[in-house]
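A.B. asks: First the structure, then my questions, so here it is.
The values are calculated or read from the model by the stated rules, or taken from the named source; none is laboratory data. As the structure is a computational prediction, the values presented were derived from the model and not from experiment. Virtual Cβ from ideal backbone geometry, glycine too; neighbours counted across all protein chains shown. Remember, those area values only see protein heavy atoms, side chains included, never the ligands or the DNA or RNA. Shrake-Rupley method; radii C 1.70, N 1.55, O 1.52, S 1.80 Å.
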Amino acid sequence: RNLLDRDTFSKSDPICVLYTQAIGNKEWREFGRTEVIDNTLNPDFVRKFIMDYFFEERENLRFDFYDVDSKSPNLSKHDFLGQMFCTLGEIVGSQGSRLEKSIVGIPGKKCGTVIVTAEELGCCRDSVLMQFCANKLDKKDFFGKSDPFLVFHRSNEDGSFTICHKTEVVKNTLNPVWQAFKISVRALCNGDYDRTIKVEVYDWDRDGSHDFIGEFTTSYRELSRGQSQFNVYEVINPKKKGKKKKYVNSGTVTLLSFLIETEVSFLDYIKGGTQINFTVAIDFTASNGNPLQPTSLHYMNPYQLNAYGMALRAVGEIIQDYDSDKMFPALGFGARLPPDGRVSHEFALNGNPQNPYCHGIDGVMEAYYRSLKSVQLYGPTNFAPVINHVARYAASVKDGSQYFVLLIITDGVISDMAQTKESIVNASKLPMSIIIVGVGPAEFDAMEELDGDVVRISSRGRFAERDIVQFVPFRDYIDRSGNHVLSMARLAKDVLAEIPEQFLSYMRVRGIKPSPAPPPYTPPIHVLQTQI
C-alpha cells in the first residue's frame with residue numbers, strides 16, 4: 001500500500017522479492033519473486049510463497065520491493081522501493097495471521113506499508129482411516145491356508161515406489177478381514193489425489209521369505225469414493241497371468257470403509273486466538289557463585305552477556321513472537337531480599353510484587369541485571385514455588401484460550417525434589433509447560449529425571465498425566481570459552497521443540513477444539529466511476 005512512485009510518466013511497476021536467512025552464516029538468500037504488477041502503487045500480489053514453518057526456529061524474512069523498468073532479471077537494474085524485515089513467527093503469531101508493517105530503507109521517505117498473510121496448507125494434515133478385506137485369495141501354504149497381509153506403496157515423481165504401510169498378518173484364511181488403520185494423506189500419496197498407490201498381497205512365512213500372491217493399483221481419489229463397486233480390486237499375479245491362459249485373478253480385495261480425519265495443528269489454535277503466556281524464573285542461589293567474580297554464572301560482565309543472559313535471550317526472542325502484549329512476568333528464587341534480608345522463592349525481578357511484568361525480553365534482561373545488584377544470592381534451591389505460581393494462573397483459564405510456558409534457568413542443584421515432582425504432577429493437568437535450561441558445569445541428573453522423557457515423572461504413586469517438562473543443558477550449545485552460543489538457533493530449537501506437542505496433548509485430552517480464525521482481511525473495493 002502507498003508505494004513510492006519512481007516512474008515519471010506513469011506509476012511504479014512493483015515486484016516483491018522474498019529473502020530468507022541461512023542458519024549458519026546468516027547470509028540472505030533469495031527465496032522467490034512475485035509477479036510484476038504494472039502501473040500501481042497498491043499492488044495485491046497473487047504469487048504465493050510456500051515455506052516450511054518450525055515453531056522452534058526463528059525464521060528471519062526480508063521483503064524487498066522494486067519498480068521494474070525492463071525485462072532484466074538483475075535487480076540492480078531496477079529502482080529500489082524499500083524493504084521490510086520480520087520473522088515467520090511474527091506473521092503467524094499476528095491476529096488472523098495477518099501482519100501489516102512499514103516499508104523502510106530509503107532515508108527521508110515514507111515508503112508505504114506491506115500486508116503479509118500466512119495460511120497453513122491443508123492437504124498435509126488429513127489422515128485417513130481405512131479398512132480392507134479379501135476374498136478367495138490363492139492358497140500358498142502346503143498344510144494350511146494362506147496367512148495374508150497387505151503392503152501399500154506410494155509412487156514417487158520418478159515412477160519408483162516407496163513403502164508406506166503394512167497391515168498385520170491374518171493367520172490361516174483365504175478370506176481375511178484386516179483391522180482398520182490410520183495413515184496420513186501425505187504418507188499415502190504426498191497430498192496428490194491422483195497419484196498411483198500400489199498394493200501388494202503376500203502370504204506370510206516364518207522364515208521371512210513371504211510368498212507374493214498378487215497386486216493391484218488404485219489412487220486416493222478412487223479410494224475416497226468409499227465402499228462401492230469401484231473399490232473391489234482384482235488381485236493379479238503377472239507371472240501366473242503370463243503362463244496360464246485361463247487365469248482370472250488371485251482373489252479380490254475390497255475396501256470396507258474410508259474416513260477422512262483432519263488433524264488440528266498448533267497453528268490452528270494460535271490462529272484462533274489462543275495466547276501463549278511466557279514466564280521467566282531465574283535461580284539466584286549461592287551455588288551460582290558471587291556475581292562480582294568472573295567464575296560466577298551470574299557474573300556482571302560489562303562487555304558481554306553471562307550464561308543466564310545468553311540463555312534468556314535465545315529462548316525469549318522466539319517465544320515473544322507469540323505473546324501479543326509482549327509483557328512477561330519475571331521471577332527470581334533463592335535470594336535474600338532488601339531491606340530485611342528475608343529469603344524468597346518467588347520474587348519479582350522488577351521489584352514490584354503487584355506487577356512483575358517486564359516489557360519484552362529487553363525489559364526482562366534489564367530487571368534481571370537490576371536484581372543482581374540489589375539481592376543477595378542465598379538458598380536453598382526450591383523450584384516448587386515458581387511452578388505453583390504459574391500453575392495458579394493456568395488453573396484459572398482451562399478453556400484453551402491461554403497456555404502458559406515457564407522458563408526456569410538454573411545451575412541444576414535442587415533442594416526440594418519431592419515437592420517439585422508433586423508440583424509437576426499437579427501441573428500436568430493444566431495448560432502449561434515447563435522449560436528448564438541448566439547453566440554451568442554441574443551434573444544435571446535431577447533435571448533429566450524431571451524431564452520425564454525416559455521415565456514418566458511421578459509423585460507419591462501418581463504419574464504425570466502428560467509430559468510437560470523439557471530440560472536442556474546450556475553447555476552443549478556454547479564454545480569452550482563459555483562466552484559464545486555456537487548456535488542460538490539450535491539452542492532455541494531444542495528448547496522449544498516439544499512445546500507444540502505438549503500444547504496439543506493438553507487440548508486433545510480436554511477435547512478443546514481451536515476457535516475459528518477471524519475472517520481473512522479483504523482489501524477495500526475501489527469504486528470505479530463509469531460514464532454513461
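A.B. asks: Near Lys240, within a Cβ-to-Cβ distance under 15 Å, what is the net charge of the other residues, with Lys and Arg +1 and Asp and Glu -1?
C.D. replies: +3
A.B. asks: Moving on. Please list, in chain and number order, the residues 5+ apart from Gly82 or on another chain whose amide H is under 5 Å from its amide H, with Hs placed from the backbone.
C.D. replies: Amide H neighbours of Gly82: Phe65.
A.B. asks: Now a separate question. Among DSSP beta bridges whose residues both lie in the chain, state the antiparallel percentage, nearest 5.
C.D. replies: Looking only at bridges with both residues in the chain, the antiparallel portion is about 75 percent.
A.B. asks: Calculate for the chain the 222 nm mean residue ellipticity that helices alone would give, adding -39,500 (n - 2.57) per DSSP H run of length 4 or more and normalising by residue count, nearest 500 deg cm²/dmol.
C.D. replies: One gets -5500 deg cm²/dmol as the mean residue ellipticity at 222 nm.
A.B. asks: A further question on this structure: Say R0 is 30 Å: what FRET efficiency, to the nearest 0.05, do Phe85 and Asn352 get from their beta-carbon distance?
C.D. replies: 0.35
A.B. asks: Kindly sort Cys111, Cys164 by accessible area of their heavy atoms, largest first, with the probe set to 1.4 Å.
C.D. replies: So, going from the largest accessible area down, we get Cys164, Cys111.
A.B. asks: Give me the net charge for the shell around Asp399: Cβ to Cβ below 13 angstrom, other residues only, Lys and Arg +1, Asp and Glu -1.
C.D. replies: Net charge in that neighbourhood comes out at +3.
A.B. asks: Quick check: net charge around Lys109, other residues with Cβ under 14 Å of its Cβ, Lys/Arg +1 and Asp/Glu -1?
C.D. replies: Surrounding charge for Lys109 is -1.
A.B. asks: Here's a follow-up. Could you check the spin-label model distance between Glu501 and Lys71? Points 7 Å from the Cα along Cα→Cβ, value in nm.
C.D. replies: Result for the modelled spin labels: 5.3 nm.
A.B. asks: Please find the FRET efficiency linking Thr217 to Ser374, where r is the Cβ-Cβ separation and R0 is fixed at 60 Å, and quote it to the nearest 0.05.
C.D. replies: Rounded to the nearest 0.05, the efficiency is 0.25.
A.B. asks: How large a share of the accessible area of the chain, in percent, is made up of carbon and sulfur atoms when the probe is 1.4 Å and the other protein chains stay in place?
C.D. replies: 52
A.B. asks: Another question, if that's okay. Using alpha carbons only, how many angstrom separate the centre of region 261-338 from the centre of region 1-72?
C.D. replies: When both Cα centres are located, 34 Å separates them.
A.B. asks: Suppose R0 equals 56 Å; then what is the FRET efficiency for Tyr193 and Asp340 from their Cβ-Cβ distance, rounded to the nearest 0.05?
C.D. replies: After rounding to 0.05, the efficiency reads 0.20.
A.B. asks: Which one, Val185, Gly226, Ile103, projects farthest toward the positive side of the charge dipole computed for the chain from Cβ point charges (K/R +1, D/E -1)?
C.D. replies: Gly226
A.B. asks: Using amide H atoms built in the peptide plane, which far-off residues or other-chain residues are under 5 Å from Ala281 H to H?
C.D. replies: Leu331, Leu407, Ile408, Ile409
A.B. asks: For Val36 and Asp158 in one chain, what is 0.36 nm times their gap in residues minus the Cα-Cα distance, to one decimal in nm?
C.D. replies: Between Val36 and Asp158, full extension yields 40.6 nm more.
A.B. asks: Round to a whole angstrom and tell me the spacing of the C-alpha centers of region 149-193 and region 84-117.
C.D. replies: Value for the Cα centre distance between the two parts: 45 Å.
A.B. asks: Between Lys246 and Arg206, 0.36 nm times their residue separation minus their Cα-Cα distance comes to what?
C.D. replies: Fully extending the segment from Lys246 to Arg206 adds 11.2 nm.
A.B. asks: Restricting to lysines 8 or more places apart or on different chains, can you count the pairs in region 274-508 with Cα atoms under 29 Å from each other?
C.D. replies: Value for region 274-508: 10.
A.B. asks: If exposed means no more than 16 neighbouring beta carbons inside 10 Å and the site is in a DSSP loop, what's the longest run of the chain without any exposed GluC sites (Glu not before Pro)?
C.D. replies: 264-442
A.B. asks: Here's something else I'd like to know. Over the Cα atoms of region 326-367, what Rg and Dmax result, in angstrom?
C.D. replies: My reading of the Cα-based Rg and Dmax gives 10.5, 33 Å.
A.B. asks: If I stretch the segment between Lys136 and Glu366 completely, what's the gain in nm (0.36 nm per residue apart, minus their alpha carbon distance), one decimal?
C.D. replies: The Lys136-Glu366 span can extend by a further 75.2 nm.
A.B. asks: How large is the accessible surface per residue of region 124-260, computed with a 1.4 Å probe and reported in Å² as a whole number?
C.D. replies: Heavy-atom SASA per residue in region 124-260 reads 55 Å².
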